[in-house]
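Below: one structure, written as structure tokens.
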Amino acid sequence: MGRIDKENYYLDIAETVAGRSTCLRRHYGAIIVRSDEIIATGYNGAPRGRKNCVDLNYCTREALKIPSGERYELCRSVHAEANAIISAARRDTMGATIYMACKDPDSGELIPDSTSCSMCRRQIINAGIERVVIRDTKTKYRVVYVEDWVREDDSLPENMGLGCGCGGCG
């Protein structure tokens, strides 16, 4: 067996971090790496001192049947990316890479095509992180350049399917 490549090495660590998640819907793990050094880790769970969804055995978004990617303000959890960024100094996140893995809490299987929500994207941008590496399978992953998120601003009306506000768009 050959030596594991660096991207999968860090993704393995992010996947292990996801094992600490306390969310009933998704187990996310994230690590921030700069200059081949782990700066911070994070997983999704309730803010310190508050009860976790796994302890309550209740998820508001699940109870209300809210689809994935919507109404995050109802979620008890701080997302993995946010927790990692909170634990790091900005001087250490500038130019860094954040590695992410997402697993289904029931099956333990990786969830392919997972990505950061729009709130976490904004935090990643402001933290100065350059790349996001997201695990899809045990050996396959995607690399997203944060500059693409800046350029393809998902908070603008035309990127939200709302038109540009000129009156002529659908």
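The values are calculated or read from the model by the stated rules, or taken from the named source; none is laboratory data. Here the structure is a predicted model, which means the values were calculated and not measured. Ideal geometry is used to build each Cβ from the backbone, glycine not excepted, and the neighbour counts take in all protein chains shown. The protein model used for the area step is the full one, side chains on, heavy atoms only, and it has no ligands, DNA or RNA in it. Shrake-Rupley method; radii C 1.70, N 1.55, O 1.52, S 1.80 Å.
Taking the conditions exactly as written (at pLDDT below 95, farther than 21 Å from V17 by Cα and among the small types (G, A, S)), does S118 satisfy them or not? When the stated conditions are applied, S118 passes them. Taking A88, is it open to solvent by 40 Å² or more (accessible area, probe 1.4 Å), more than 20 Å from Y9 (Cα to Cα) and of a type in the set (A, V, I, L, M, F, W, C)? In short, no.
The set of residues from region 124-154 being loosely packed, with under 11 Cβ neighbours inside 10 Å and not in a helix (DSSP H, G or I) comprises T137, V143, E152. If you go through region 43-59 one residue at a time, do you hit one that is within 16 Å of the chain's Cα centre (by Cα), within 19 Å of T115 (Cβ to Cβ) and touching a residue at least 40 places away in the same chain (Cβ under 8 Å)? Checking region 43-59: at least one residue is within 16 Å of the chain's Cα centre (by Cα), within 19 Å of T115 (Cβ to Cβ) and touching a residue at least 40 places away in the same chain (Cβ under 8 Å).
If you filter region 52-71 down to residues that are open to solvent by less than 80 Å² (accessible area, probe 1.4 Å) and of a type in the set (A, V, I, L, M, F, W, C), you find that the one that is farthest from D154 (Cα to Cα) is L56.
The number of residues in region 72-82 being of a type in the set (S, T, N, Q) and open to solvent by 40 Å² or more (accessible area, probe 1.4 Å) comes to 0.
Being touching a Gly at 6+ places or on another chain (Cβ under 7 Å), within 20 Å of E7 (Cα to Cα), at pLDDT 90 or above and not in a helix (DSSP H, G or I) is the requirement here; does A101 meet it? For A101, the condition - touching a Gly at 6+ places or on another chain (Cβ under 7 Å), within 20 Å of E7 (Cα to Cα), at pLDDT 90 or above and not in a helix (DSSP H, G or I) - is met.
Apart from one condition, S68 fits all of (1) part of a helix (DSSP H, G or I); (2) closer than 25 Å to R122 by Cβ; the exception is (1). Within the bounds of region 97-107, is there any residue that is open to solvent by less than 50 Å² (accessible area, probe 1.4 Å), over 9 Å from the mean Cα position of the chain (by Cα) and small (G, A, S)? Taking every residue of region 97-107 in turn, none turns out to be open to solvent by less than 50 Å² (accessible area, probe 1.4 Å), over 9 Å from the mean Cα position of the chain (by Cα) and small (G, A, S).
Residues to consider are T60, T97, T93; find the one that is farther than 30 Å from G128 by Cβ and of a type in the set (S, T, Y). Of the residues listed, the single one that is farther than 30 Å from G128 by Cβ and of a type in the set (S, T, Y) is T60. Could we say that G29 is at pLDDT 90 or above and open to solvent by 40 Å² or more (accessible area, probe 1.4 Å) here? Answer is no for this residue. Scanning region 1-26 for residues that are open to solvent by 70 Å² or more (accessible area, probe 1.4 Å) and of a type in the set (F, W, Y) returns a single hit, Y9.
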